[in-house]
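The values are calculated or read from the model by the stated rules, or taken from the named source; none is laboratory data. Values in this document were obtained by computation on a predicted structure and should not be read as measured data. We place every Cβ from the backbone using ideal geometry, glycine too, and count neighbours over all the protein chains shown. The area values use the complete protein model at the heavy-atom level, side chains included, leaving out ligands, DNA and RNA. Shrake-Rupley method; radii C 1.70, N 1.55, O 1.52, S 1.80 Å.
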Amino acid sequence: MSPQPFPSIDAMLSEAGLKSLFGLNIADITRAPLLSADGVSGGAMERVTIRSERGEAKLVLKHFDAQRDWIMRATQDQQAREGTLFRMGVLKRLPDVCIAPIFACAHNGDGWATLMLDVSDALVPLGDAPLPAEDILLYVDHLALYHSIYMEDKSMENPALGLC
């Protein structure tokens, strides 16, 4: 069964919404703009911190809005592909070395938002410093594996996915 989107970001980030996702009693929820993102698409991201009986968890709320995001406009992404791939269960087929950290998605006016685990510590570091060759080879190997999962998959031609 495909995950159902929340009707709004407020519903997703409510105590009840977060409890339905994580099974935890939420004591506190804070949101703040994520300013350290090195993205250039124009999309907005927020850091969401939840506190529960198990401690603190850091999440990222990513907003998809074609009016702000030039990549969505340039690729005619009217559906927020990232969220669509999550909602339609496509990301569940990824190999174990590739993670899609999305937990949930929600309607956001005319756009969408996804709620993700904060994996920023595992991403390529910000800036222009050269990467070690072994890291580059690992990234290329994992990207090749990621793409090989879907390369011959005819279900990827489904127009409902909104892929370009």
Rounded to the nearest 20 debye, dipole of region 1-151 from Cβ charges on Lys, Arg, Asp, Glu: 480
Karplus-derived 3J(HN,Hα), 6.51/-1.76/1.60, for each residue of region 147-157, Hz, glycine and proline x: 6, 5, 4, 10, 4, 9, 7, 5, 5, 6, 7
Ratio of Rg to Rh over the chain (Cα coordinates, Kirkwood Rh, two decimals): 0.97
Value of [θ]222 nm, deg cm²/dmol, for the chain, DSSP H segments ≥ 4, -39500 (n - 2.57) each, nearest 500: -7000 deg cm²/dmol
Probe 1.4 Å, protein heavy atoms only - accessible area per residue of the chain in square angstrom: 63
Extension gain from Thr49 to Ile71, taking 0.36 nm per residue of separation minus the Cα-Cα distance: 5.2 nm
With every protein chain in place, region 81-126: carbon and sulfur % of accessible area (1.4 Å): 58
Unit Cα scatterers, Debye sum, region 55-121: log10 I(q)/I(0) for q = 0.12, 0.24 Å⁻¹: -0.34, -1.11
Spin-label proximity, Leu145 to region 94-124 - amide N less than 16 Å from point 7 Å beyond Cα toward beta carbon: 94-101
